[in-house]
Every structure is written in structure tokens, then in C-alpha cells.
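A short write-up of the structure that comes next.
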Amino acid sequence: RPEDIAMLVQVGRRYVSEQREIDPLFAKGMKELLSKSKVFKDCHEEFIRDLIVSSNRKEYAPNRYLMEEGTRGDSMFVLFKGGVEVTANGRYVCKLRDGSIVGEAALLNMDNRRTASVRSVQKCDVAIIFRSTFHSILEKYPWEKRKFQRDMKAKLMELGKLIDVKDDINLEQQATQCDLLKKVPFFAKDESLHDFVSELAMNASTYWYRPGRVIIQEGDTHCDEMYVLLRGAVEVTACGEFLGRLENDLFGEVGLLDLLERRTANVTAATQCHCMMFRREMVIPVLAKYPDARMKLLEHARQRLVALNEAISQHTDNNVHSRGLGDPSGPGSAAIRLEGCALGFGNSIPAGDAHLFAASQLFQDCRVDLLRELSAHFDTKRVDEGCTIFEEGDSFRADRDLVYFIAKGQVEVWKSGHFFAVLSDGEVFGDIPAFSKDKSGVRQASVISKTKTVLRTITGTALHGILTSHEDEELNEMWAAQRQKREKQFQHKQNLHAHSLQKRTDPLDVMFMKLPVVREMPGEEKVRVPRIEGLQGALMDSCREASAWREATAGKSTARPGKLPALGFGPTLTIMPPASAR
């Protein structure tokens, strides 16, 4: 039916919307509104058309907020019909009627906080244009892109927020970088840093690092960069000792702020890392404009230096009294981790196991004395790629069989012959039967090494003894929840497999062959060309010809067999509906 026709709109390489046919009256009215607005009045007609087609139309009932002051915005609203009320700082500003545009600053401004609240006072018909869609359309229109870049640059220069004046500002990239920075805990927890973050995002450089890449070298005198870790994890070492692991944090600020003349630690990518890098010549002028942000960054660097000094002093003297760590070799010592910005354990735990525990969501926050006891009871097992560590259904005895901790590498978990998950550094497996009530049972799944893997192992009985002697309620609750979640996932996988065996699918005719046929072309000899048709009809024709051949050759064993239709595989694949539906 015409009213059921859907439309998929492609801009460049991206599909930006999927919606019903555009109402001609709506499209005409939107074109007039956008052409008259200050933001879009000089834009090309095709650019306006793409904006209209990619917009999302929505109706708001009376007394509904289109946007609220102080929230982050990523869209612009075009009021096609209706009326809204605008308020700011709790005070009435104005009322807007048909043809008004609100929220357009969110499309261009990096500081995407709403400066006012907009509330519907009657039923409103609104078109919404999202920032991501707007920037995608800009890539298709170079003139409009340059226009908005000029507008953006002029506004930034007017506000004094553009330190490095660039010839080509990538609006979409700047907006994305700003949003990513605001999700980092150091910046997200304090609203006063909002303007500071927006300005940083305009001058950031983006880098990706592979696992094992040294990002900062200890002792390096080149201290002109600061990094913000957006995705992944890095490991921090100093004087040969593992200090901790960082995620969603910043590093390199100590040297950039001139607190020390050399880098104080090595920072190495532990996983694939996505970082933003900021240079001294850009950060220092911005910090001069935001003294509160400078003080917070200095305090962050001071805390990190204190933690580093205490870790180094603990390396030379294991009896740390200031933190109540006690003698690491003494029985029952109530050790706690050093306070700092990284998940560190001092030198009370061997470096290899410290890496393992820091990478584990279970153990990175638990008691250091418990981790030290675990490390003392660990054995090491090295497994080559493709080796089976244990199989589903194997019996388990707590006094004999092992629980495995992944120190390095990856393993695959298989359930009932089906792939289940990939486990990597810091994760634990083989623990479900170890915690069963009778301390025995069977393995719930098979585990196969995906890469060369280093495992730290401990028997079920020894693990229970350590957890009992070093009570940690939070660890026990998290571990129990993890086991329960995996058991449910195993059960769900089995149910899906059983359901797939019972499920019946309707037959489909699949054409995967090209059947040659002879055609006479005008003025030419007969040629053999592919004949495209459904598999069901083709097979029926072949069967009929085969039956005719068998009847013709019945009782004639010496006769030369007749020719059957030649079948040749072709490169195309066509899905035909069932015969019952045609």
C-alpha cells in the first residue's frame, strides 16, 4: 500500500534515517522555515532537502519539556506547529510560536549544555535534527561545511576559546572528543571543569596504542605531553616494581606541570588503548584561564607523587608503618593497598601476580593480605595454543583438581559443542564446581587455549582455606554473583540449543545454480546463456527429463545415454519465497 512505503536515506556512506514518506506540506513548510533562519539562510537547496528528509518528526503533548537547562544537548528543534515557553535560571524569558528554531547551538558548539529550558504550552509538532546526522550531511556539501567551520571559528575566537587556530576544524570530531572527555571520572565528577574540558577537546590529538607499547618511558626528560585514557588499560611501573593499572584516567600530568624534570614511571599499554594527547603549549594557556581546573590537576598530580614515593620507600623497607601495612612476612598482617590513582599493591606481591590481580574485576579492590596468600599458594602452568585444559563432564575433586587464573593469554569456553565466551588476563575459570556444596562435581564446560597462555593455578581445597582465613565479604559476594551469572548463561545456552533442535522452519526455494539454455539471437548463431529460475522449478524439470531418459533407455543397456541438462555453479544467490506463497 502507498501509505506503508518506507524510505531509507543515504548520505555519503551512512544511512541517516528510516521513516515513512515525508508529508509534502511538512516538507514545504520546513524548507521555508530553514531557508529563513539565520543558521541556514545561505545554504544550498539540496542541503536543506537532506536536512528535512533526515529529520525526526515528533509530537509533544502540552506541559512536556523539549529540553532542560543544564543538560547536555545533541539536537536542534524546529517548531513546525504549536507553542513553547522558554525559561532560564528559573525566570520566564519568552514564548515561541510556529516556525521557531531552538537548540541550534548544540549542532556547532562544543560546550553542548542547554542554556535554557523549553516547555510545550500546547500540542506541538516538532522536527528534530541530531548533531551526528547534521555533521554526516555536511561531509556531502563542502561549501556548507566551510561556512559552518568559519562560523564556529569566529564564535570560538570571540569567546577566546581557540588556542590553536586551525584552517580546517572537524566539527564532528571535536564534538565527539568533547563527549568522550566528559565521561572520564576526573572530569565528570566536577561540573566546574565543564568549560575547561570543552576547550581541551578543541586541541586534542587522538592516538591508538597496541598492547605492550611503551607510552611513557621512566627517566625521559621530554615531558611535554599529557594523556587521557578513554578506552583500554595501561600498567604503571617504577624502579622495576609494578605500581598499578589505570583505566579511564589521565597520566603524564606530573611532568607537564613541571613538578619534576623527568618522567617518574613507565606507562605501558596493557590492552588496545585509545588516548587523547595534549601538548604543553596548548594546556598551559588554557590552565591559566581556569585556575580552579589548574588547582584540581595539581592536587591530582600531588596525590600520585605521594603514592609513588611511598611505593618506592616500601621497596627499600618492607616495614611500612605509615599505612599500617605491618610486616609483609608476618602471619595475619592486615595489609592494605597504597592509596593513589592506580590500583597498586606495593611490592608485597610478586610483579606477575600483581599484574593479574590488577587486571581482575574481582580482585583489584580486595585485601592485600588475601592476595599475598593466594600468590604464595599459586603454581604456574603454561599451555600452548589449541590445547584442551579440561573438558565438559570431567569429574572434579576439590583436593586434587584446580581453579585457574589467567596471567597472560586467552582461552575459549565451549558448552555442548557451542562457543560460549573468550576469557583473558585476570579472569578466573574452573571455579563453579569448586564452590559446590559437596566440593565435588563435574566441569560445566570445556576450555581450550586460544593463544599461548600462562595460568596460575590453585586447588579447590587451598582456595577455600584462604577465603575462610581471610574473610572478605565483598569479594565473596562478587564472586558468588559471577558464578551465578555464568551458570544462568550456561543454562540459557542449553535452552537455545534444545529449542533450535525442535524448531521447524518453512521451506525456502534457493537458487544457487545457473542452468544454460540455447537462445537464438537475431542475425546470430545459437548461443548458450544462463537461465535464472527458482530451484524448485528447475529440479522438477530435471526430474521430468531424467524420468523420460530412464523410460527411453529401459532395456537398452548398450544404448548411449541421452544428455541430461548441464548444471553449472554460478556466483549469485537468490532467495525465492516458498511455493505456497507464490
| said: Rounded to the nearest 10 Å², what accessible area does CYS239 have for a 1.4 Å probe in the complete protein model? | reply: 80
| Just the accessible area for PHE363, please: 1.4 Å probe, Å², rounded to the nearest 10? | 0
| note | Computed over region 229-292, the relative contact order (Cα-Cα under 8 Å, seq sep at least six) in percent reads 40
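Just to make sure I understand: if all protein chains stay in place, what is the order of PHE130, PHE251 by accessible area at 1.4 Å, largest first?
Working: PHE130 70, PHE251 5 Å².
Of PHE130, PHE251, the descending order of accessible area is PHE130, PHE251.
Can you give me the relative contact order of region 352-491 as a percent, contacts being Cα pairs under 8 Å and 6 or more apart? Write down the numbers at each step before the final one.
On the way: 260 pairs, mean separation 47.4, N = 140.
Relative CO of region 352-491 lands at 34 percent.
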| query | For TRP479, TRP208, TRP414, what's the largest-to-smallest order of accessible area, 1.4 Å probe? | reply | TRP208, TRP414, TRP479
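Taking a quarter of the surface of the Cα convex hull of region 20-63, what do you get in nm²? Spell out each step's value before the answer.
Details: hull surface 16.0 nm².
Mean shadow area of the hull around the Cα atoms is 4.0 nm².
For region 227-313, how big is the tail of P(r) above 22 Å, as a whole percent of Cα pairs?
Here the tail beyond 22 Å accounts for 27 percent of pairs.
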| remark: For TYR65 the rounded accessible area (nearest 10 Å², probe 1.4 Å, non-protein molecules ignored) is 120
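If R₀ is 25 angstrom, what is the calculated FRET efficiency for the pair GLU392 and ASN476, using the beta carbon separation as r and rounding to 0.05?
Numbers: r = 26 Å, r/R0 = 1.06.
Result of the calculation: an efficiency of 0.40.
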| Are any of the pairs LYS123/LYS189; LYS41/LYS95; LYS182/LYS289; LYS450/LYS485; LYS38/LYS95 more than 30 Å apart by Cα-Cα distance, and if so, which? | LYS123/LYS189
| task | Determine the shape class of region 68-126: with a ≥ b ≥ c the square roots of the Cα gyration tensor eigenvalues, call it rounded for a/c under 1.5, and otherwise prolate if a/b is greater than b/c, oblate otherwise. | result | oblate
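The values are calculated or read from the model by the stated rules, or taken from the named source; none is laboratory data. All values reported here derive from a predicted model rather than from experimental measurement. Note: ideal-geometry Cβ built from the backbone for every residue, glycine included; neighbour counts use all protein chains shown. These area figures cover heavy atoms from the full protein model, side chains too; ligands, DNA and RNA do not enter into them. Shrake-Rupley method; radii C 1.70, N 1.55, O 1.52, S 1.80 Å.
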